[in-house]
Structure formats: C-alpha cells, structure tokens
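Novice: There's a structure below that I have some questions on.
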Amino acid sequence: MAAAVSVLLPPSSCSFPALTVDLILPRAAAPLCSLHGNSSRSRCEVIHRLPFGRGIGGVEILSQKRFPGDGKDKRAYLPPDGGRGDAGRSSSAAFRSPEIQKERGLPFDLKVQQVNDAGDLQDSTFLNAVVKVYCTHTAPDYSLPWQKQRQYTSTGSAFMIGNGKLLTNAHCVEHDTQVKVKRRGDDTKFVAKVLARGIECDIALLQVESEEFWKGVEPLRFGRLPCLQDAVIVVGYPLGGDTISVTKGVVSRIEVTSYAHGASDLLGIQIDAAINPGNSGGPAFNDRGECIGVAFQVYRSEEAENIGYVIPTTVVSHFLNDYERNGRYTGFPSLGVLLQKLENPVLQTYLKVPSNEGVLVRRVEPTSPAHGVLREGDVIVSFDGVQVGCEGTVPFRSTERIAFRYLISQKFSGDAAEMGIVREGVRTKVQTVLQPRLHLVPYHVEGGQPSYLIIAGLVFTPLSEPLIEEECEDSIGLKLLAKARYSSAKFKGEQLVILSQVLANDVNIGYEDMGNQQALKLNGIRIKNIRHLAHLVDFCEGKYLVFEFEDNFLAVLDREAAASAAACILKDYGIPSERSADLLEPYIDIEDNQAPHDEIGDSPVSNLEIGFDGLLWA
C-alpha cells in the first residue's frame, strides 16, 4: 500500500524556509527525496531513502556529495513511521568458491593474507588496493529535458581487481562527466573511465590506463560467501576523509535483499559494521584478507543501529562474467511472473498439489518470454531441478532456505530454464528463456538524456521515475501515478507519454495551465511511445492536430500554425531543438498485440507494495 511519510528539509538545504512535506509513496523503490543540484549547498550528504518492509526506518544509498556555493551539511530525514530499508529486495544465487569463480571468468586473485586483530591492519598490503573516488556529476533535467542540471561532485571508494580495472558502486559514478581515483598515501589523482554500470546490482567497472597507478599494488582476491557471525572488515574513505577508514563487525544475515539504487532483488549480506557516506564502493574483507563483497547501503532507524549491507561476491562475479561474455552489461534476468504462496492446505488440495510444494502463477507479464509458456493457474514446483517450497523458497547451503528469485538471478540474459509445473492436476515440464524485466516506467533513463518532443509549445516526454521524483509525486496526479506504479508494459517499447508542460505562446492559448497529463491519442491513433508520437506528427497531412489526454481532455492545434510558431518558441525559451536527437532517427513500427485498455492496478510491482506477503514477483 502507499505509505505517507514526512520529509523535513532544513532551512539551509533550500532557498525557501524550513518546511515539512507529506509525500505519498506507492512504490518502495523510489527515493523519498533527492537534494541533487541545489546551488545553495556547498557540502552536503545526498541520501536516497526507501521505506523498509513495515518496520521503522529507511534505507539509504550513501555517497559523500558536494555542491558549489556556501552552506552546511544537510540531510533528508525520514520520521519513524515505517518504511523499507536501504538494503533492497530479495534475490537468489548460488555461492561459489574462488576456484569456481575463476573457472567462470573471474580471474582476479591474490595471496591469502591473515588478519587476526586490528594491529595487523596498519601494515596489511591488501589495504593499498583500496582507493578514493572523486566524481563530477551532471544529471539531466527531466522537467526541462533539453538541458542539464548544475554539476556537483561526490567522493566514494573503489578497489583494484586486476587487469587495469577497479570496482565501485554504480551510484557513485551516476551521470558522471569526470571520474578520478587516488591511491592510499598518494597525492596524485588519476583519470578513470567507466566501462560498465550495473544499475540493478549497483556495481560499476572502472579502468585506469596509467601504468604508474598500478605500480607496487596487488589486486584483491575474492573470497567465498561468509557464514553468520563471521568477522567482516569494511574499508573505505567515508565522510570525505583523505585517509583510509577501517570498521569491524560480523555477518548478521544473508538473504535476498532489496537494492535501493536499482529497485531490484538480489542476494545481500547484512553486517553490523559501521558504513557511512563515502564508504560506498569500498570492499568488505574476511579475517583472511579476502574480499567478500562491496559496501553499498545502510538501514537507518530509531529502533535499529549499525545495519549495513554488502553486495556479495556471487553478485559481483555475475556482473563481471556478464561484462566479459557480452562486452557490456546486459542485466539480471527475470521470469516475469507474479506468484502466490501455497500455504493453505485447502488451496493445495483444490490445485491437486502435494503439501508444502510449489507456488501459484497469478500473472505472466505480456513482455516476458514466459508469456505463452506459463499460464495463470499453473503451479511451479521446481526450477532447473531444484524443488520450490510453498512459501516460494528453495534450499540454500546446508541448513538454510532462500527466496526462489535467487535461482533466477544466478542465470544470465538469454539463458534457458526448465520448470516443473502442475497444470490442472497434471505434472509436466516446460522451458523458457530468461530476459531482464521491461519496466513500463523505467527507474533509470538509458543514454543520459530523456527524450522530448515540442509541438507548438506543448512539451511531451516519456514518464520515468526520475521525472516523478523531480516533479514531486503530488503534481503527477494519482491516476497517472497509479499507472506508473502498478501497470506493466503490454508490448516491447511501450511508454507512457505525458505532456509535461506548455510553453506559453499565441498558438496554444487556453492550454497554458496543462501539465503532467498522459497523452493517449493523436488524431484518433493511440500513442505507443514518444517515437511513435513524433512519427504521427511528421506524417500528419490534415488541417488539425487533435490530442486526447487522460480524463477526456482535448487539445486541438492548427498544424500549419504550429509549424510556423516552432522557431519563435524555441528562440523565446532558449531551446536548441524542438526534439531530442534520438527522435531524428527513422521510426520503426513495433508490434502491439495486446488490448490497449487493460485495467490499471492489475500488476503490482512486488508483494511489499500491496501490503500482502502472499504475492511475490519472480
């Protein structure tokens, strides 16, 4: 269910007085607030918070960020009224020893070094592989999509993995225009190049070409998945410090976790070692000096302390192997089905399923390869030969169980999977290909700049999570927000195209106050995406451009007058072009075999958004 929270913004964080804003947050993965790009700040922490389950507190993606200008440290505060943490959602994966990882293309190795107490750490050579990251960010302005926001800088951590490469968090180098790294005990900064970003797993791969940077340093060795209560050491450069910081703790939990940056569910390690802004991207070590993961987020609450999260080496291995296989990052796959737990014995009897076995398929996304293979009413009882329990869990290590999604996340995009199902009481096996999930409203915009199209001052752009965050959810409208949160894409390439604003001009008199409304049709033709809209405008030969919006609102423009006013509008508002560069390419039509008027709200994003643990996404 949507959660109402209050965000307190201190007076110095903005140009207006202190105030408390109530926000409606239907989707847990959306950050409550973002303080990016405010020119009045000189040095402030930018913290993305998420609601965490039904408890108290919130998850934060932490990186130390600085803005030009004067000001004090700022923080966005989440009151103790419930929320989901910074550790993400659940995922599934089988953990492998370093030897198995090496066979699968993770060739990064290092001599094992014993670390028995804090006294050994000062001279431990593996600490020299941890570096400080300096990044300059220039994020798009989603409300004014033809321009960028004011740049800001941040600091984080990274570590060497060999072959001229380093690992850090994706959120540390998001929208980067310049990335530099500095070694421990050195005052020289070296330019780094971002080779790949894994949004879902919050990992980025960097490359430093300078040979001087690598002199005298050995890359880190990856260790196996730790056990509960194993000692863990987190190393990095938190709170803007120029000297290395070491904190110690233990592993307190290992489970499929919500990754705040990518709004995804992958395996995560929960630790009690302190993690602070700037620790992001730094390694976590076991007591043998092996890297067991990457620090990336924390959980803040008045009722809990020292809850941090580490990306395990199995997720890191998947990211690196994906990059080596394809020369780029392709993402973690999804089955694309909504599942229901089968704990009720009467329901099990009705479906002719043995007790404590299987999960019920309640929806198959139209864009998923499983569409047409699985049906509503099927019961998945096994995945690649591994039995699935009635709670949607599978065996994990010797005495543990973990979410079914873990097995899916172990696969790569394009891999096949065999599932044992019970269909109308008959056992059978089916096969499907796994692909990354297609989000109707993306969490991140690929390519850096959002698409836009200006027609007689009417600014059209695809709806995205960054735009919702920037515009504030209350200005989007509940109906459009419900579509964004709970509807799924019905065909590949589908977008929700909205009229974000109207640039006032004589040609659009009477429409100036329109904004954040979904454009449904142009001249009676349903709009598939922003490219389709540009194509319809370019090839229109009638006298009028008739736009139909949500709530039956109508806007009619004279086509020739709209074309004549274009140059004047661009000049008056200082806009370089009436459309983004991607819309200059030839339009290729896409198939749309699905009914266009499905009810919204029939595809909740996950069980935690609808407040019922009986449903879960795979």
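The values are calculated or read from the model by the stated rules, or taken from the named source; none is laboratory data. On a predicted model such as this, the values are computed, not experimentally measured, just so you know. Cβ sites come from the backbone with ideal geometry, for glycine too, and all protein chains shown count toward neighbours.
Novice: Where residues in the stretch 262-276 are at pLDDT 90 or above and more than 13 Å from residue 234 (Cβ to Cβ), which of them is surrounded by the most Cβ atoms within 10 Å (Cβ to Cβ)?
Specialist: 267
Novice: Say we look at the stretch 393-449 and pick out the residues that are small (Gly, Ala, Ser) and more than 26 Å from the chain's Cα centre (by Cα); which of these is nearest to residue 353 (Cα to Cα)?
Specialist: Top of the filtered list is 425.
Novice: Only one of 289, 293, 268 is of a type in the set (Gly, Ala, Ser) and in a loop (DSSP other than H, G, I, E, B). Can you tell me which?
Specialist: 289
Novice: Then there is this: Could you count how many residues in the stretch 286-301 are of a type outside the set (Gly, Ala, Ser) and over 16 Å from residue 253 (Cα atoms)?
Specialist: As a first pass, look at the stretch 286-301 and keep what is of a type outside the set (Gly, Ala, Ser): 286-288, 290-292, 294, 296-300.
From the residues that got through so far, the ones that are over 16 Å from residue 253 (Cα atoms) too are 287-288, 290-291, 300.
Total meeting the criteria: 5.
Each row is one residue, and each column tells you yes or no for (1) modelled with pLDDT under 95; (2) surrounded by fewer than 19 Cβ atoms within 10 Å (Cβ to Cβ); (3) in a loop (DSSP other than H, G, I, E, B).
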residue	(1), (2), (3)
541	yes, yes, yes
562	no, no, no
567	no, yes, no
571	no, yes, no
575	no, yes, yes
586	yes, yes, yes
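Novice: Please go through the stretch 474-519 and pick out each residue that is polar (S, T, N, Q) and under 24 Å from residue 369 (Cβ atoms). First the steps, then the outcome.
Specialist: Pass one, the stretch 474-519, residues polar (S, T, N, Q): 475, 487-488, 495, 500-501, 505, 508, 516-518.
Passing the criteria: 487, 488, 495.
Novice: Another one. Would you check which residues across the stretch 175-188 are of a type outside the set (A, V, I, L, M, F, W, C) and either surrounded by 22 or more Cβ atoms within 10 Å (Cβ to Cβ) or over 18 Å from the mean Cα position of the chain (by Cα) (or both) and list them?
Specialist: 177, 178, 180, 182, 183, 184, 185, 186, 187, 188
Novice: When you scan the stretch 565-581, how many residues do you find that are more than 16 Å from residue 512 (Cα to Cα), touching a residue at least 24 places away in the same chain (Cβ under 8 Å) and not aliphatic (A, V, I, L, M)?
Specialist: Total meeting the criteria: 6.
Novice: Quick one: residue 330 ticks every box in (1) under 22 Å from the mean Cα position of the chain (by Cα); (2) surrounded by 23 or more Cβ atoms within 10 Å (Cβ to Cβ); (3) part of a loop (DSSP other than H, G, I, E, B) bar one, so which box is it?
Specialist: (2)
Novice: Would you confirm whether any residue within the stretch 383-391 is surrounded by fewer than 17 Cβ atoms within 10 Å (Cβ to Cβ) and among the hydrophobic types (A, V, I, L, M, F, W, C)?
Specialist: yes
Novice: Something else about it: What is the number of the single condition among (1) in contact with a Lys or Arg (Cβ under 6 Å, 6 or more places away or on another chain); (2) of a type in the set (Gly, Ala, Ser); (3) surrounded by fewer than 22 Cβ atoms within 10 Å (Cβ to Cβ) that residue 398 does not meet?
Specialist: Unmet condition: (1).
Novice: Could you say whether any residue in the stretch 303-318 is of a type in the set (A, V, I, L, M, F, W, C), in contact with a Gly (Cβ under 8 Å, 6 or more places away or on another chain), farther than 24 Å from residue 170 by Cβ and surrounded by fewer than 24 Cβ atoms within 10 Å (Cβ to Cβ)?
Specialist: Yes.
Novice: Still on this structure: Residues in the stretch 152-171: is at least one closer than 30 Å to residue 576 by Cβ and among the aliphatic types (A, V, I, L, M)?
Specialist: Checking the stretch 152-171: at least one residue is closer than 30 Å to residue 576 by Cβ and among the aliphatic types (A, V, I, L, M).
Novice: Please enumerate the residues belonging to the stretch 491-515 that are farther than 23 Å from residue 564 by Cβ and either of a type in the set (A, V, I, L, M, F, W, C) or surrounded by fewer than 20 Cβ atoms within 10 Å (Cβ to Cβ) (or both).
Specialist: 491, 492, 493, 496, 497, 498, 513, 515
Novice: With in a helix (DSSP H, G or I), farther than 21 Å from residue 367 by Cβ and touching a residue at least 40 places away in the same chain (Cβ under 8 Å) as the only criterion, which of 545, 536, 481 stands out?
Specialist: Exactly one residue qualifies, and that residue is 481.
Novice: In the stretch 391-410, what count of residues is obtained for those that are assigned to a loop (DSSP other than H, G, I, E, B) and under 16 Å from residue 337 (Cα atoms)?
Specialist: 3
Novice: Now for a separate question. Evaluate the stretch 232-244: report whether one residue or more is over 30 Å from residue 439 (Cα atoms), of a type in the set (D, E, K, R) and at pLDDT below 95.
Specialist: Checked against the condition, which is being over 30 Å from residue 439 (Cα atoms), of a type in the set (D, E, K, R) and at pLDDT below 95, the stretch 232-244 yields at least one hit.
Novice: If you don't mind, there's one more thing I want to ask. Quick one: count up the residues across the stretch 129-140 that are buried (at least 18 other Cβ atoms within 10 Å of the Cβ) and either outside the structural domain of residue 187 (by TED's automatic domain parsing) or not in a strand (DSSP E or B) (or both).
Specialist: 2
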